[in-house]
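Scroll down for the structure; my scribbles are underneath it.
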Amino acid sequence: MSLPPPDAQALVLSRTLSQRIAQDIAQQGGWIGFDAFMHRVLYEPGLGYYAGPMRKFGAQGDFVTAPELSPLFAQCLAAQVSQWFDQTEPVVVEFGAGSGRLAAGLLNALHEQGTSARSYLIIEVSASLRERQRETIAQLAPDRIGVVQWLDVLPAQIDGVVIGNELLDAMPVRVFEIDSGALQEVGVSMNEDGAFAWATLAADGVLTEAVNEALGDLLDESPNASLNDLLRASARERTDGGAGASGRYRSEIGLQGQGWVETVGRALRRGAMLLIDYGFSAREYYHPQRDQGTLVAHFRHRVHTDVFHLPGLQDVTAHVDFSAIARAGAAAGLDLLGYTSQSRWLINCGLLERLAALTSAALAGDQGAAATIDAARTVGAAQTLLSEAEMGELFKVIAFGRGLADDALGFARGDRRGTL
Ligand SMILES: C[S@@+](CC[C@H](N)C(=O)[O-])C[C@H]1O[C@@H](n2cnc3c(N)ncnc32)[C@H](O)[C@@H]1O
């Protein structure tokens, strides 16, 4: 795929970051884990993708997230959060607030729905994004910004609702390969041309245990076959002759995301945690045919697999294994309140009724063509959020609770928690 060239200033930043990572690789004996590489390209102070000055979200950035598409997303989330506010404190803790659009929309919608947040706490690792969030909220929710606070550390105890939209996919992952029965960790080294290159090492105990846990169910289904036999057999069935045909299987383990759910889950005293992201259950995630894993890069609205391209200038992300996330929630003593697709969750939270109200109000006014265009845009955004071919099915929603009733609005129909 041909990717658009970056501007000269961006290229300088990217080269500086590449040199720093190369020095790190040399100091570590020629190899670093992919999680270390991903951490640096995303979060290196001043240079990493989320820590640098470039625009990331929206039409001028690299990708568009649900809250950027339409205020309908925040309104649906507000319906769910409102329900939980009846059972806990009216406090929201948002992790990784991006441009601040979801916070602004949620604050406004909660207020309009008669359940204002008393406090809205944001925990954001990127200093440049904190600034952007402050500006967005000041502009879009000026009457509500008084309740917003940015925190540097996780509160010791949380009574309220924790939210994270596309947070877990931005957390570094470890990459593994199973080749001829051997489990190896795939990391990053330098090739003869001085470029980053994949390189493997024998897996350590932590990775081995994590892979066994993540793929355990697949093995349990065929207890007589080793994982490698299972993967080979399935790869042979394929007709496309791709990498899978050799029996080599590569995927990722999101240990950092799981650790995050466990840590934040333990801090949740009474309340809910709702996470929205792209991903699947372990059975789908580690399906033998998905033998190249899920790592991708986003650059100016192109999705591609060259994660070494222009370090710091492109987003690097992995899908989420929601079965592992469910286990992490259970380890923190949380109750699983539901797991479903984004489309099902939005519909349960009233998206279609809100869409009808919004478009008919726009068209009932006397604003002619402008109103028709606005209504068409709103319908188009709803289509992107719901469509199976876009975000509706790939994106999932999972919720945990402590001390809450198991009747969450968003999972009233189509709850798939049994598939995790
Ligand atoms: C893909 S963006 C999503 C932004 C936003 N939630 C949205 O939907 O538009 C990921 C965000 O998570 C932040 N982030 C990543 N790891 C984090 C962590 N451990 N704690 C808080 N924020 C984090 C990033 O800086 C970034 O703002």
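Each reported figure results from applying straightforward, stated rules to the coordinates on display, with no laboratory input. Please read all numbers here as calculations on a predicted model, not as lab measurements. In this analysis, Cβ positions are derived from the backbone assuming ideal geometry, glycine residues included, and neighbour counts consider all displayed protein chains.
Values as computed for the structure displayed
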read-out: Phi-based couplings in Hz for segment 285-300 (Karplus 6.51, -1.76, 1.60; Gly and Pro marked x); value: 4, 9, 4, x, 6, 8, 8, 10, x, 10, 5, 9, 10, 10, 9, 6
read-out: Translational diffusion coefficient (Stokes-Einstein; Kirkwood radius from C-alpha pairs) of segment 332-373 at 4 °C, 1.567 mPa s, in µm²/s; value: 100 µm²/s
read-out: Debye intensity ratio in log₁₀ form over the Cα atoms of the chain, taken at each q of 0.07, 0.09, 0.11, 0.14 Å⁻¹; value: -0.35, -0.59, -0.88, -1.37
read-out: Sites E209 and S360 - FRET efficiency at Förster radius 56 Å, r taken between beta-carbons, to 0.05; value: 0.50
read-out: Over the chain, relative contact order from alpha-carbon pairs under 8 Å, at least 6 apart, %; value: 19 percent
read-out: Degrees between helix 322-331 axis and first principal axis of the chain (Cα, 0 to 90, nearest 10); value: 80 degrees
read-out: Cα-based Rg of segment 285-406 normalised by 2.2 N^0.38 Å, two decimals; value: 1.43
read-out: In segment 74-147, the GluC sites (Glu not before Pro) that fall in loop regions by DSSP, at most 10 other Cβ within 10 Å; value: none
read-out: Sum of side-chain charges, A202 neighbourhood, beta-carbon under 12 Å (Lys, Arg +1; Asp, Glu -1); value: -4
read-out: Range of Cα positions in segment 1-52 per principal axis (Å), largest first; value: 33, 26, 17
read-out: Percentage relative contact order, segment 273-340, counting C-alpha pairs under 8 Å, at least six apart; value: 35 percent
read-out: Rounded to 10°, Cα long-axis angle of helix 227-237 versus longest principal axis of the chain; value: 80 degrees
read-out: With 5 Å bins from 0: P(r) over segment 107-194, alpha-carbon pairs, percent; value: 3, 9, 14, 17, 14, 9, 7, 6, 7, 7, 5, 2, 0
read-out: At 1.306 mPa s and 10 °C, Stokes diffusion of segment 56-203 via Kirkwood alpha-carbon radius, µm² per second; value: 90 µm²/s
read-out: Residue-averaged 222 nm ellipticity for the chain, from DSSP H runs of 4+ at -39500 (n - 2.57), nearest 500; value: -12500 deg cm²/dmol
